[in-house]
Amino acid sequence: MTELTGETLIAGKGAGTILRVDDAISFWGGVDPKTALISDPRHPRHGACLTGRVVAIAELRGSSSSSAVLLELIHAGIAPSAILLRDTDAILALGALVAREMGYGDLAMLKMPSDAFALLTEGRRAHVEGPRVVLD
Amino acid sequence: MHLTDDERRIAEGSEGSAKAMAMRLVAETGRLLGAPRLLNVASAHVDGCLYHGDSGTHFAERLAKDGGRVAVPTTLNVGALDLLHPDRVKGNAHHREMAGRMMQAYERLGCRPTWTCAPYQAGHRPAAGTDVAWGESNAVAFCNSVLGARTNRYGDFLDIACALVGRAPDYGLHRPENRRATVVVDASALSPALRDADVFYPVLGTWLGAEIGSEIAAIDGLPPRQSEDRLKALGAAAASAGAVGLFHVVGSTPEAPTLAAATQSGSTRTIRLTPEMIRAARDRLSTATDGAVDCIALGSPHFSEAEIAELRRLAAGRRFRMPVYVCTRRDLVERSNLSDLEAAGAVIVADTCVVVTPILPDTGGTLMTNSGKFAHYGPANLGYDVVYGSLADCVATAVEGRLTRAEALWR
């Protein structure tokens, strides 16, 4: 068991297996809001499903509508169980902030230090609560 | 994060629950970003009016029901319907109803129904140095880089929240010291003909977005006084391929009269562009390079008067053998006569565009475009293969009925 500590962007808790997204991704145009699948055929993780996963994202890019896509995933009940970022991304965080304001629930979002981020290996089970990430 | 007493009272509901939610969103985002305080903004451009699902409609309707009203002049980006040509969008009844309700809710909030991703060519032009809160990545890049006004990349929901309270977090590109170029991109080794071709600029933007991301570049070695449409195309491609919110073009953009001004005489690293780097960026924009082309998509960002005039010049007296979708601003459609283009086979799209809402036949196929942004998002959003080419290539392809691209510039 490994315990890591990040910085809480959005407080919440969630658990699931880690889905690692190393190449930069835009949620708008990169994730289908109806299916939660990575839909950009040029992205190496094309076809992976975000639902219920602890999604570790190295870099976000592109559209300022990514917040809307995340809100839609949360509203539709197909969101990741937590999101771990290497860098703070206000656009993605906004989707989760609005979900909280609208009463759709809390999606845990943390910023992880880069040494901790490196330990988030694909398929490992992770429990996220507050600023802590526990890896089985 | 310091909130004034006034701001705190608004967040607690002293001016109604819509403004309270807006203030909480602005303040909470400011806290996440490490902003010390909020600042006043003079205008807003809202991208949140595009339907991605019911949640966005519910959010806008909640703000409108709770009595929200924008505090500063606010323009609207594209919606998911073409209100001037209601039959263009193929979405099902639910999509059309919810997209329409969303657009109406943003109008009820007091936003101007401009429905364009090029608000800066529809009269919304804040003065250099003004703090504003803009959404839509190409509009943000243009606002910062070409107008010299100051905005961060305000995502959906934060854009309208800033408009409702007239405030934004004081961080990032609002601060002059954060606007200096840290990377010099030297284009002088590229051929003069390439540097003076419209088709080069989205390719340069694609390279910039992919390689530089959110760093700030000063591009040097281009002919001075580049046209607004080239800078628009550069910025849109850069902001699709990476998180580019501001770039400088020495001799063309207001914060870069000289290279030293763009870098604020600070330290930089230099990247020298080679023809190979540019060819690789051009290749990345196409997922198909031969075979049949099914349609042409133009106008991301929305075509300007000058771009329409150029299309008209290239298309004069010719007929298209495939649909040529021309996405543009409603104010331009309303005051110009585009019937000659329509007679040639153009399909005029206003208020929205072909990459954000279902307009193209859902059969898949190959789309050709001169837009770096369309080329970038087309495959994922539409399920179409994409070929990138110049406007002249697109017109030639439409007229000939087969893929035609001039290759000489890229050799």
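The numbers here are math on the coordinates, done by the rules we state, and not lab data. The structure presented is a predicted model; accordingly, all values stated were derived computationally and were not measured. Neighbour counts run over all protein chains shown; Cβ positions are idealised from the backbone, glycine included.
What to note about this one:
- Modelled label positions at A:R132 and A:A11, each set 7 Å beyond Cα in the direction of Cβ, lie 1.6 nm from each other.
- Relative to one another, the C-alpha centroids of segment A:85-130 and segment B:331-394 are positioned 36 Å apart.
- Selection of trypsin sites (Lys or Arg not before Pro), segment B:64-111, meeting DSSP coil and at most 14 other Cβ within 10 Å: B:K90
- Size-normalised alpha-carbon gyration radius of segment B:5-172, reference 2.2 N^0.38 Å: 1.01
- Cut-off 12 Å between beta-carbons: net charge of the residues surrounding B:T287, Lys and Arg +1, Asp and Glu -1: -2
- Taken residue by residue and averaged, Cβ atoms of other chains lying within 10 Å of the Cβ of A:92-98 number 6.
- Footprinting exposure proxy ranking of A:M109, A:M102, B:M21, fewest other C-beta atoms within 10 angstrom first, gives A:M102, B:M21, A:M109.
- Hydrodynamic radius by Kirkwood, which averages 1/r over all alpha carbon pairs of segment B:295-405, in angstrom: 13.7 Å
- Here the Karplus relation 6.51 cos²θ - 1.76 cosθ + 1.60, evaluated at θ = phi - 60°, turns the backbone of segment B:311-324 into coupling constants of 4, 4, 5, 5, 8, 3, x, 10, 10, 7, 9, 8, x, 10 Hz, with x for every Gly and Pro.
- Compared with the direct C-alpha span, the chain from B:A193 to B:R279 gains 29.5 nm at full extension, assuming 0.36 nm per residue.
- Net charge in the neighbourhood of B:A187 (other residues with Cβ under 9 Å of its Cβ; Lys, Arg +1, Asp, Glu -1) is 0.
- Residues with amide H under 5 Å from that of B:V349, placed H, sequence gap 5 or more: B:V326, B:C327, B:T328
- The residue list B:F303, A:G95, B:P224 was ranked by how far each Cα lies along the charge dipole of the protein assembly as shown toward its positive end, using unit charges on Cβ atoms, and B:P224 comes out on top.
- The count of lysine pairs in the protein assembly as shown whose Cα atoms are under 27 Å apart, excluding pairs fewer than 8 places apart on the same chain, comes to 9.
- Principal axis dimensions, largest first and in whole angstrom, of segment B:180-284 by Cα: 35, 25, 23
- Sites B:S214 and B:A343, calculated FRET efficiency, Cβ-Cβ separation with R0 41 Å, nearest 0.05: 0.35
- Peptides B:337-346, B:212-221 ranked from most to least packed give B:212-221, B:337-346, packing being the mean of other C-beta atoms within 10 angstrom over each peptide's residues.
- Rounded FRET efficiency, nearest 0.05, which uses the C-beta distance separating B:R411 from B:S267 and R0 of 41 Å: 0.70
- Estimated FRET transfer efficiency (B:E334, A:D22; beta-carbon r; R0 51 Å; 0.05): 0.60
- Per-selection Rg to Rh, chain B - Cα, Kirkwood hydrodynamic radius: 0.98
- Peptide B:240-248 is shielded by partner chain Cβ atoms: per residue, an average of 3 of them sit within 10 Å of its Cβ.
- Loop-located trypsin sites (Lys or Arg not before Pro) across segment B:292-338 with a Cβ neighbour count of 16 or fewer within 10 Å are B:R318, B:R319, B:R321, with loop assigned by DSSP.
- Taking a Cβ cut-off of under 13 Å around A:T51, the surrounding Lys, Arg, Asp and Glu residues balance to a net charge of 0, with basic ones at +1 and acidic ones at -1.
- Beta bridge orientation in chain B: antiparallel %, DSSP, nearest 5: 10 percent
- Between segment B:162-196 and segment B:264-311, the Cα center-to-center distance that results, in Å: 18 Å
- Within 10 Å of the Cβ of each residue in B:50-58, the mean number of Cβ atoms contributed by other protein chains is 6.
- Amide H within-cut-off set for B:R272, under 5 Å, with H built and near neighbours excluded: B:D186
- Taking the centroid of alpha carbons for each part, segment A:1-63 and segment B:1-40 are 29 Å apart.
- Cα convex hull of the protein assembly as shown - mean projected area over all directions, nm²: 23.1 nm²
- Debye-formula intensities of segment A:1-83, expressed as log10 I(q)/I(0) at q = 0.12, 0.14, 0.25 Å⁻¹, are -0.33, -0.45, -1.41 (one equal scatterer per alpha-carbon, no solvent).
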